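Peer 1: My questions will all concern the structure given below.
The values are calculated or read from the model by the stated rules, or taken from the named source; none is laboratory data. Predicted model only: the values in this text are computed from it and were never measured. Methodologically, a virtual Cβ is constructed for each residue, glycine included, from the backbone with ideal geometry; neighbour enumeration extends over all protein chains shown. Side chains are part of the model used for accessible areas, which takes the heavy atoms of the whole protein and leaves out ligands, DNA and RNA. Shrake-Rupley method; radii C 1.70, N 1.55, O 1.52, S 1.80 Å.
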Amino acid sequence: MLIHPWDTATEDEALDFVRANEFGHLIASGRGREVPVVAPTQFLLADERTVLLHLARPNPIWKAIAENPAVVLSIAGDWAYVPGRWKVLPEDGEDPAMGVPTTYYAAVQLVCDAEVLSGPEEKKEVLRAQLGRLEAEGALVDPSAHERQLRGILGLRLRVRKVSGKFKYGGNVDEAHRRHVADRLAERGGPGDAAARARLLRGLG
């Protein structure tokens with residue numbers, strides 16, 4: 001992923017974003033494949049260096065992981081399209097037709113070593129951890145009550161060895177231009193605009 005200096009997120013910022021957006025794409029390149037295998041998945045960032053998740057046994061990603069346990073977990077969000085006309089300041093005599101459009105977004109990629117968890121107790125622990133994050137306490141029975149379904153999944157423990165974070169919110173332009181875009185995002189109020197605006201303004205301090 002290309003990350004310009006002005007878009008770079010700190011590791012803490014990147015991991016905070018991952019915790020707040022625990023759905024992404026697990027990518028396994030395998031060995032000698034024409035294309036990698038990509039699995040959209042819910043996951044849990046258990047700690048700063050551990051990700052837990054589970055997938056169905058028939059998922060093709062297992063063969064790719066067996067070939068090569070080095071994987072990438074890719075997470076993106078808080079995105080908004082920024083029309084070209086928003087990128088200029090009309091009051092300064094800039095021509096709106098000369099504006100260059102872009103898309104604001106946050107993206108984090110975690111390079112990990114994958115460990116397949118096939119034992120019943122290992123799988124239950126993954127499920128308990130994930131459900132503990134997602135479900136109200138006591139709302140569901142323990143995963144051990146679903147022995148048949150447990151046979152149909154495998155767990156994964158990902159050991160994170162590299163964190164790359166990118167927050168692309170106009171960091172290469174001055175504050176006046178960024179606040180102009182922030183005002184336009186507030187006016188439009190479309191899907192993703194509020195989250196993108198909040199990140200843009202956060203970058204202004």
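Peer 1: Only one of (1) of a type in the set (A, V, I, L, M); (2) buried (at least 19 other Cβ atoms within 10 Å of the Cβ); (3) free of Cβ contacts under 8 Å to residues at least 40 places away in the same chain; (4) touching a helix residue (DSSP H, G or I) at 6+ places or on another chain (Cβ under 7 Å) fails for Val100. Which number is that?
Peer 2: All conditions pass for Val100, except number (2).
Peer 1: Another question, then. Name the single residue, out of those in the stretch 76-93 being open to solvent by 60 Å² or more (accessible area, probe 1.4 Å) and not aliphatic (A, V, I, L, M), that is nearest to His25 (Cα to Cα).
Peer 2: Here the residue is Trp79.
Peer 1: Given the criterion in contact with an Asp or Glu (Cβ under 8 Å, 6 or more places away or on another chain), open to solvent by 60 Å² or more (accessible area, probe 1.4 Å) and either on the phi > 0 side of the Ramachandran plot or outside any strand (DSSP E or B) (or both), identify the matching residue among Arg19, Arg31.
Peer 2: Arg31
Peer 1: Now for a different question. Only residues that are among the basic types (Lys, Arg) and over 17 Å from Trp6 (Cα atoms): list them for the stretch 175-196, please.
Peer 2: Across the stretch 175-196, the qualifying residues are Arg184, Arg188.
Peer 1: Scan the stretch 143-172 for residues that are assigned to a loop (DSSP other than H, G, I, E, B) and over 25 Å from Pro58 (Cβ atoms) and jot them down.
Peer 2: Of everything in the stretch 143-172, those that are assigned to a loop (DSSP other than H, G, I, E, B) and over 25 Å from Pro58 (Cβ atoms) turn out to be Tyr169, Gly170, Gly171, Asn172.
Peer 1: Determine, yes or no, whether Thr41 is closer than 16 Å to Ile75 by Cα, without any contact (Cβ under 8 Å) to a residue 40 or more places away in the chain and of a type in the set (S, T, N, Q).
Peer 2: Judged against the criteria, Thr41 is a match.
Rundown of residues vs (1) farther than 23 Å from Gly77 by Cα; (2) exposed (fewer than 12 other Cβ atoms within 10 Å of the Cβ); (3) aliphatic (A, V, I, L, M), yes/no style:
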residue: Gly119; (1), (2), (3): yes, yes, no
residue: Arg128; (1), (2), (3): yes, no, no
residue: Leu131; (1), (2), (3): no, no, yes
residue: Glu135; (1), (2), (3): no, yes, no
residue: Lys166; (1), (2), (3): no, no, no
residue: Gly170; (1), (2), (3): no, no, no
residue: Arg184; (1), (2), (3): no, no, no
residue: Gly189; (1), (2), (3): no, yes, no
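Peer 1: Tally up the residues in the stretch 45-58 that are touching a residue at least 60 places away in the same chain (Cβ under 8 Å) and open to solvent by 10 Å² or more (accessible area, probe 1.4 Å), please.
Peer 2: Adding up the residues that qualify gives 9.
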